[in-house]
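Reviewing the structure listed below.
The values are calculated or read from the model by the stated rules, or taken from the named source; none is laboratory data. In this text, all values refer to a predicted model and were calculated from it rather than measured experimentally. Cβ sites come from the backbone with ideal geometry, for glycine too, and all protein chains shown count toward neighbours. Side chains included, ligands, DNA and RNA excluded: accessible areas come from the protein's heavy atoms. Shrake-Rupley method; radii C 1.70, N 1.55, O 1.52, S 1.80 Å.
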Amino acid sequence: MNPKHKGREIICLCNNVPRDVIEEAIRNGCDTLNKIFDATTAGVGPCGGSCRRKLQPMLDSFQQTGTFPEVIKKDNRGKRR
Ligand code: FES
């Protein structure tokens, strides 16, 4: 693990992208999964995007409430079809 990310919740294990980096990207205007992929590299790793099950709920939560959930509940909406 990148020592810079020690103690931070890693959302994308493939590309070692922590939660706060994703939250910042969303706050700064990433309003689609594709924009999050481009801004953070989360969601486009070799596993095929299993972390998208967390990215989509984070995005939805921010768009609906302006905040992020304390605990992210995975779902399948962001999954590749
Ligand atoms: S965990 Fe994010 S792309 Fe694999």
Extension gain, Asn76 back to Asp31 (0.36 nm per residue minus Cα-Cα distance, nm): 14.4 nm
Value at 222 nm in deg cm²/dmol, rounded to 500, when DSSP H runs of n ≥ 4 in the chain each add -39,500 (n - 2.57): -11500 deg cm²/dmol
Carbon plus sulfur fraction of accessible area for segment 8-65, probe 1.4 Å, in percent: 46
Tail weight of P(r) past 12 Å, computed on alpha-carbon pairs of segment 33-77, percent: 59
Nearby aspartates and glutamates by direct alpha-carbon distance to Lys74 (threshold 19 angstrom, same-chain neighbours under 8 apart not counted): Glu9, Asp20, Glu23, Asp31, Asp60
Solvent-accessible heavy-atom area per residue, rounded to whole Å², over the chain at 1.4 Å: 62
Cysteines not pairable in the chain (beta carbon separation under 4.7 Å absent): Cys14, Cys30, Cys47
Ratio of Rg to Rh over the chain (Cα coordinates, Kirkwood Rh, two decimals): 0.93
